[in-house]
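The values are calculated or read from the model by the stated rules, or taken from the named source; none is laboratory data. The shown structure was predicted, so the numbers you read here are calculated from the model rather than taken from an experiment. Here the Cβ positions follow ideal geometry from the backbone for every residue, glycine too, while neighbour counts run over all protein chains shown. In case anyone asks, the SASA skips ligands and DNA or RNA and just uses the protein heavy atoms, side chains included. Shrake-Rupley method; radii C 1.70, N 1.55, O 1.52, S 1.80 Å.
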Amino acid sequence: MDYAKKKFGQNFISDKNLINKIINILDQEQDHLIIEIGPGRGALTKELCKRFKKVVAIEIDTDLEVLLKSEINESNFELIMEDVLNVDLKKLIESNSCKKVSLISNTPYYITSEIIFRTLDVSKFLDKAIFMVQKEVALRICAKANENNYNNLSVAAQFYSEVNYEFTVNKNMFRPIPKVDSAIISLKFHQAYLNQIKDDKAFVAFVRKLFNNKRKTILNNLSTTINTKQRATEILALTKIENNKRPENLSIEDFINIYKETKNGNN
Ligand code: SAM
């Protein structure tokens with residue numbers, strides 16, 4: 001496939017059953033704004049336009065503009081030709097007035113984490129996000145404490161949402177065929193943890209630091225993060241977490257408790 005650009009992580013899907021299976025995960029409320037990152041040749045986009053009130057797609061590859069505009073004539077379709085990393089998603093959401101907003105992306109693999117973190121940043125406004133990512137990344141995001149691959153991205157995603165590994169997608173479903181299988185994951189956003197922490201972005205950044213040295217103990221990572229071993233020892237005693245545990249052994253609640261304690265209750 002000579003039209004696929006590797007530098008933009010282009011692997012296209014076209015199978016109707018797969019497309020419907022993915023879109024069925026969204027809440028079928030019609031008064032729903034769907035933001036799609038990377039519409040590509042419009043495989044998902046066309047079906048989304050049929051089912052929902054408004055679809056805004058953000059695409060970086062200017063060579064796809066003509067094709068997308070000619071293939072999709074629906075009046076509820078808006079195309080933003082831009083690098084998603086330059087788009088203010090909050091502004092975009094606020095300028096539309098639908099009952100629900102969700103986000104969907106067969107993500108370009110080279111910026112999967114950035115897309116997920118940016119989605120989490122605006123999660124307060126979202127019902128769901130659906131991502132097609134490399135299978136290994138999907139397993140990481142859905143991993144629970146003590147499981148392989150559990151890391152700061154798993155904690156961040158699960159802080160904001162209930163994550164669900166929906167299904168594996170065989171690499172042969174894509175053109176061109178990538179090296180590895182993919183998977184669909186869904187994030188159903190909730191406020192349960194957000195209500196406990198005022199500055200959620202600071203919390204996510206704090207967790208990221210605690211995972212800096214995954215192989216070292218939580219005492220070690222916390223001491224480095226807050227620059228004092230004595231206070232780190234006190235905090236772990238207060239939160240009833242053993243010093244020699246590793247970040248990958250801690251639950252979301254453990255991270256929240258440690259964070260709150262570092263703020264001395266002023267979360
Ligand atoms: N949605 C299509 C599909 O499922 O067949 C295409 C998915 S393809 C894996 C990823 C898409 O994201 C491509 O169309 C690519 O050009 C686009 N893309 C890559 N980097 C992007 C960026 N920084 N901002 C917006 N779109 C981007």
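What is the Cα centroid distance between region 112-154 and region 215-247, reported in whole angstrom?
25 Å
Once label points are set 7 Å from the Cα along Cα→Cβ at both residue 202 and residue 85, what is their separation, rounded to one decimal in nm?
2.7 nm
Restrict the search to region 1-94; then list the chymotrypsin sites (Phe, Trp or Tyr not before Pro) that DSSP places in a loop and that have at most 16 other Cβ atoms within 10 Å of their Cβ.
3
Report the charge-dipole magnitude of region 196-266 in Debye, nearest 20, computed about the Cα centre from +1 at each Lys and Arg Cβ and -1 at each Asp and Glu Cβ.
That gives a dipole near 280 debye.
Could you give me the ³J(HN,Hα) list for region 63-68, computed from phi with Karplus coefficients 6.51, -1.76, 1.60 and θ = phi - 60°, whole Hz, x at Gly and Pro?
Karplus values, whole Hz, x for Gly and Pro: 5, 8, 4, 4, 4, 4.
Which whole-number percent gives the relative contact order of region 77-161, counting Cα pairs below 8 Å spaced six or more residues apart?
About 25 percent, as a whole number.
Once the piece of chain linking residue 212 and residue 228 is laid out straight, how much longer is it, given 0.36 nm per residue of separation minus the C-alpha distance between them?
That works out to 4.1 nm of additional length.
Would you work out which of 101, 192, 167 lies farthest towards the positive end of the dipole of the chain? Charges go on Cβ: Lys and Arg +1, Asp and Glu -1.
192
Number of Lys pairs in region 86-169 with C-alpha atoms less than 25 angstrom apart, excluding same-chain neighbours closer than eight positions?
Count of close lysine pairs: 15.
Please give the calculated 222 nm ellipticity per residue for the chain, where each DSSP H segment of at least 4 residues contributes -39500 (n - 2.57) and the sum is spread over every residue; nearest 500 deg cm²/dmol?
About -10500 deg cm²/dmol.
Are there GluC sites (Glu not before Pro) in region 161-267 that DSSP puts in a loop and that have at most 13 other Cβ atoms within 10 Å, and which ones?
In loop regions of region 161-267 (DSSP not H, G, I, E or B), the sparsely surrounded GluC sites (Glu not before Pro) are 242.
With a Förster radius of 25 Å, plug the Cβ-Cβ distance of residue 168 and residue 114 into 1/(1 + (r/R0)^6) and report the FRET value to the nearest 0.05.
For residue 168 and residue 114, the calculated efficiency is 0.60.
Among the GluC sites (Glu not before Pro) in region 89-152, which ones are in a DSSP loop with at most 15 other Cβ atoms within 10 Å of the Cβ? Mind listing them?
Counting only loop positions with at most 15 other Cβ atoms within 10 Å, the GluC sites (Glu not before Pro) in region 89-152 are 147.
Ignoring any ligand, DNA or RNA, what whole percent of the accessible area of the chain comes from carbon and sulfur when the probe is 1.4 angstrom?
For the chain, the apolar C and S fraction of the accessible surface comes to 44 percent.
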